[in-house]
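Below: the structure, in structure tokens.
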Amino acid sequence: MSEEKKKCGLYMRVSTEDQAREGFSLPEQKERLEAFCKFKGYEIIDYYQDAGISAKTGNHRPEFERLKEDIKSKKINTIVSLKLDRITRSIYDWENLITFLDENDAYLDCANDEINTTSANGKMISRLLMSVSQNEIERTSERTKIGLAGAIKSGHIPHIAPLGYKHEDKKLVIDYSTKDIVVRIFELYYDGYSYQKISNLFNEEKVLGKDNWRDSTIQTILENEIYKGDFIHGKRTKNPIYYENVVEPIVSKEMWEDCQVQKKKNSRSYQRTLTYLYLQKLKCPKCNRILGGKATTKKNGKVYYYYYCNDCKIQFKENVINEYFNNFIEELVEYDSVVNQFFLPMIKQKFDEPKEQLQKEINNQKSKLDRIKKAYINGVFELKEYNDERKIVEKAIEELENELNNTECSEELRFTPQDILLKRDIDCINKLKLNKEYQERTRTWKDYTRKEQSELIMKYIDEIKLSFIGTDITVDEINFRDSIAKPCQELYANGYIDTNKPMILGNVIGSVRFSNYLPEKEVSEIIMRLRQYYDVHFTEATYYVDKQCFYFNFVEDNSAIVRVFPLKDYYKLDPEGKMPTYEFGILYINEEDKFQMQDIDSAFDYIPDETNTSVIYMKEPTPRKIGVKPVKYSEEIAE
């Protein structure tokens, strides 16, 4: 062997990870191997370089294959490499390589590992070194898998955030600006809509400003386990790993599973007839999972609805929630009417896309545009790629800015906060004075279909928390959506929304409409506007804090309270409730007071305009033309 001339092929390889390591660059390997061959007296025939490819089994290395072909053709008879792991890190591949070298009277020499395959001892040492190398690879792989598993279990999902989620502090969390779109997709599919029908509907509505929704997009969303809180790593590999409950779910596991079963049912003619009022709103009081729903139909046709948790074996009737919900449901219906007529135009576009969120996303897109420009300048992109990417981002910025402009236009209030309180006062008086007409014009909770009831709950309620009293399920609290609750809370704090509060009024026990403190000037303006329709009276009363009551006899006076409100801001003056008495203003009407307008419809379809200051309180009804605001906003009126 020593007499045979060594005709060498220098094999150099770097993987993506190796490129960052000192001494593993291709030029460095080449320099060291050339020096090694000069020392050994080897003749260098050719150079073989595989860049960015690991030595993992199954990876195709073009240059290494070319080297083997040159060995077969006797162009070279010796492989020279820096280290054994440049050739392979697999014992299986190494054994095959030794066999290949023996069959072709060829050899391997490594500059750093002192590998010599010309003897039995040399082959034995090479096998030992290969075992050590493979063991290190397997240990590194195990450490990586353990680290990845731990990260996934804590919510660090190594993927682009799907619709309905976003990355926050490296964790996947719910994106409340798009969450309801995902919920709606599942509910539509659950109700019998096909992938195509949902995508067509979304394109028609331009959901998220897009008209390119595809049935495949809907299918991908419905089949993604992440929406029930689970994650599959390596889903397309032979050995995928399933992780349960790693992120907060958007839909219940039961809903997700039902939608997978639904594939068999979703012919184009299939339509689900059952509607669950609280689907996706109820959480298990034990494990906090979103509850599933089911129903049974009796022989008489009556349907009974249930909610359940499979894991905790909890099940209860829908009536348990209804009994609690009915305590304030009529108030929610009234509130919905006010929202649609006044509040909605004031905060249009803010329910799912707040101004702050839109501006933040615009800034993100502009930063992305800057990064693309810098990448192009640095030669990362070709001109065509740069233009394509730039156009996509610029279009996204344009759409977001249009949404922001629409939001800002809606904030040029067509209705003022005072209008909301005024409308609520008029509705209260109409209910007392024009009860028949009020009942004819007003829909109550029982007038809503189950579908409409479900939609109302979906619109306002974020979740309903349950708890146990003994073995009985009870409602712990109802959380309204932040995008609704926060603006409403601000309006209430500023005195523009009322709420019902229990109070003792001398010899009367009941509840009254209570609003927060308003400056005297604004109260006067509201009273003057109310007097365009009704003889509204104002008085003051003392509220005794310790007894929690007023001394004001409305029964003998045949009077009815419209609303009470503090004359001073006692939240600031007496935050700990130590003052003995509070002074309250009371708006009320007398039994004999009549509606002052000739047209009764005006009381329901309009509210007095604040610009009309000529109307004063008068005992006798006098027909007059007054300025009014339409209850229902229309573009024609706006112009």
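Determine, yes or no, whether Tyr304 is within 18 Å of Glu257 (Cβ to Cβ), assigned to a strand (DSSP E or B), modelled with pLDDT of 85 or more and of a type in the set (Ser, Thr, Tyr). It is false that Tyr304 is within 18 Å of Glu257 (Cβ to Cβ), assigned to a strand (DSSP E or B), modelled with pLDDT of 85 or more and of a type in the set (Ser, Thr, Tyr). Counting only helices (runs of 4 or more DSSP H) that fall entirely inside region 413-485 and contain at least 1 residues that are under 32 Å from the mean Cα position of the chain (by Cα) and within 30 Å of Arg529 (Cβ to Cβ), the qualifying elements are 417-433, 450-460. Within the set Leu505, Leu456, the sole residue that is outside the structural domain of Lys302 (by TED's automatic domain parsing), closer than 25 Å to Phe550 by Cβ, modelled with pLDDT under 80 and surrounded by 16 or more Cβ atoms within 10 Å (Cβ to Cβ) turns out to be Leu505. Every condition in (1) of a type outside the set (D, E, K, R); (2) farther than 17 Å from Asp180 by Cα; (3) in contact with an Asp or Glu (Cβ under 7 Å, 6 or more places away or on another chain) holds for Leu456 except the one numbered (2). A residue that is at pLDDT 75 or above, of a type in the set (A, V, I, L, M, F, W, C) and touching a helix residue (DSSP H, G or I) at 6+ places or on another chain (Cβ under 8 Å) can be found somewhere in region 399-414. When region 205-242 is filtered for residues that are modelled with pLDDT under 85, under 26 Å from Lys283 (Cα atoms) and surrounded by fewer than 17 Cβ atoms within 10 Å (Cβ to Cβ), the ones remaining, listed by number, are Ile232, Tyr242. Each residue in region 520-545 was checked for being more than 17 Å from Ile586 (Cβ to Cβ) and surrounded by fewer than 14 Cβ atoms within 10 Å (Cβ to Cβ), and 1 pass.
The values are calculated or read from the model by the stated rules, or taken from the named source; none is laboratory data. Predicted model, so just to flag it, every value in this text is computed and none were measured. Because the Cβ atoms are built from the backbone with ideal geometry, glycine has one as well, and the counts that use them run over all protein chains shown.
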